[in-house]
Amino acid sequence: MSFLAAREGVGKTLLSAALAWQMTRPDGRGEFLGQPVKRGHVIYLNTDAADGEARSVRFWLEQHKAAYPDGDMDGVTVLESTGAGLTPEELEQLLTLAREKEAVCIIIDSFMATFPGLDSNKLDQAMRPMLALRAFAAQTGAVVIVIDHLPKKAANEREGDRGVMGSTGKTAQARSVHLLTRVPPKEVEGREVLRWEVRKNSFAKSGYALGIEVDRIEDEDGRVSAVHLEVCDLPAEEDTRDTRGDRAKAAVLSLLIDKPGQPLTHAELLATAIKGGNVKERSAKQAVKEALGTLGAQVEIMQLPKRGAPRVYTYRPEFALEDMPPIAQDVPAPVASRPLEEVLTW
C-alpha cells in the first residue's frame, strides 16, 4: 500500500490516471515515467469529486487515451462517490469486485473523502482504515494506492515538509509515501513541471526526487486534447535541509513494521537508524525516539533480565495481518471466511 499526497490542483489525479491507463495497454507496451508497468485491471474509487461524478478521472483517462490510443477503457472500472464515504460493508463489496475483475491495482482518491467520519489527526482513528486497506491488499494481491493531501505550508517552510496530512501513523502503515509538489514555472522557463519526492520507500533509499514535465497537447481550437508525461531534470535547489534524520526515522519505522511480533533490541534499532540515514549515534537516538513516538501504543516495550536491563521493542498493531486468512503468493485468494467488518470497523 502506497500513499501519493499533494495539495489540491497539483496533479494527483492526472498522474494516477496516467498509471491506470498505462496498465490497460497491451503486454509490454505500458510504461509509466520510463518504467514498464504490468497489464491488468484497475479499479479507481473516486470519492473526492465535488459533483460525485468522477468527471476529472474520466477527463484525464480520455487525455491519456488520446496520447496512447492502444489502451482499453474497459480496463479501468471507475467507482463514483455517493457522498458518504466508504463503509466496512462497501469495502467488502470492493474486495469481491477486485477478485471478480482480477484487479492488479486499486486507486483510492482520496483518503479524507473515503473516510470522512474519522479524525485523521488521531492515531487510533487513522489506523483503522489503514489496517483495513493493508488487509485488503494482502487478500487481493493488488497494489493499493491511496491519494491524500498535504497540509498548507507555514512560513519559512517548504511544500511537503510536514508530509501527509493527519497522523503520522498513516505514513507508518504505508509501504511507501510519495509527495507531489509543483515547481515554480519561473524556475523551469515557464514549463509545467512537478516534483515527485519519495519520502519513504521500504525497498530503496528515501528522499529521492525526480522531475515530471506535463506536456498538454492542444487541438486546432486551443483546447487540450491529449497529455504526455516526461521525466525531466529538476532545477538546482539551494535548500540545504539535511534529510538524513528523516531517512533514519523511516528506516526504523520500516524495520519495526516489517517485523510485527518480533522483539528488536534498542541496539538493533540504533544500528538501523545509523545505516539508513548515514547519521551519527546522537542523531540516530533521536530518530529512534521519534519513530517509537510515531507508532505509540502499537510498540510493546519490555526489559530483559540481563545485565543493564536492556529494552526490547515489539511492533504489535491492533489487528495483525497474520489474523487474516492465509494468502498464497501470486494466487488469487479465496473469499474470506469472515467479512472485513468483523476484522475492522470505523
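Readers should treat all values here as calculations from the given coordinates under stated rules, not as data from a laboratory. If you're wondering where the values come from, they're calculated on a predicted model, not measured in any experiment. Here Cβ is always computed from backbone atoms with ideal geometry, including for glycine, and neighbour counts include all displayed protein chains.
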Using only the Cα atoms of region 2-240, what do you get for the radius of gyration and for Dmax, in Å? 17.6, 54
Taking the beta-carbon count within 10 Å as an exposure proxy, list TRP196, TRP21 from fewest neighbours to most. TRP196, TRP21
Taking the inverse of the average 1/r across all pairs of different Cα atoms in region 58-110, what Kirkwood radius in Å do you get? 12.9
Contact order relative to length for region 2-240, counting C-alpha pairs under 8 Å separated by 6 or more residues, stands in percent at 22
Can you give the FRET efficiency for ASP119 and ARG55, using 1/(1 + (r/R0)^6), R0 = 30 Å, r = Cβ-Cβ distance, to the nearest 0.05? 0.55
Between ILE301 and GLU8, what is the spin-label point distance in nm, taking each point 7 Å from the Cα along the Cα→C-beta axis? 4.0
For region 244-315, just run the numbers: alpha carbon Rg, then divide by 2.2 N^0.38 Å, N being how many residues it has. 1.02
Expressed to one decimal in nm², the mean projection of the alpha carbon convex hull of region 1-79 is 5.4
